[in-house]
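What follows is one structure encoded as structure tokens, with my remarks underneath.
The values are calculated or read from the model by the stated rules, or taken from the named source; none is laboratory data. If you're wondering where the values come from, they're calculated on a predicted model, not measured in any experiment. Methodologically, a virtual Cβ is constructed for each residue, glycine included, from the backbone with ideal geometry; neighbour enumeration extends over all protein chains shown.
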Amino acid sequence: MSNIKKILVVCTGNACRSPMAEGFLKKDLKVEDGFEIASAGIFATDGLAPTPDAVHVMNEQGIDISAYSSTAFSSLLAKAADLVLVMSEEHKNFVIKAVPGIDKKVFLYKEFAGADGEDKNIIDPIGQPVIVYRSVRDEIQNLTQEIIKRIKSSH
């Protein structure tokens, strides 16, 4: 994929994983360089804040996601994106079914990062202890570094 400028990150409720990924992506893919990063959830309600634990663990990395507001997934958002990154197979299947013809630009987060391993899903930390949030944050951060390298090398 070349000329990726608009990226949509999708998870379930747009309260943990996708806001964390959005935060890491926005740190390195700047608006002034033409990038637009957004996130949404397949079962999200518009206008809700990220979970307190997601905000806390991202603050530990110097990234403030407290002002982020949840967005419900829509076909318009997906069609406008050059790349749709999802956290699980369930999300990928949902997006591809909801938006026919989009399959060539929908990737699992781990898949696009080139991560090896059996499980291509990133676990949902909602309702889990903060240590799980940190683990998910660290996984997303490491994967994001690879994703950014791939995007920057395609330009």
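Below are the figures for this structure:
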| item | result |
| --- | --- |
| Candidates ILE140, ILE151, filtered to the one that is among the β-branched types (Val, Ile, Thr), within 13 Å of the chain's Cα centre (by Cα) and either closer than 23 Å to VAL55 by Cβ or buried (at least 17 other Cβ atoms within 10 Å of the Cβ) (or both) | ILE140 |
| Residue within the range 30-46 that is in contact (Cβ under 8 Å) with a residue 60 or more places away in the chain, under 20 Å from VAL132 (Cβ atoms) and among the polar types (S, T, N, Q) present | no |
| Condition met for SER135 (surrounded by fewer than 17 Cβ atoms within 10 Å (Cβ to Cβ), modelled with pLDDT under 95 and over 15 Å from the mean Cα position of the chain (by Cα)) | no |
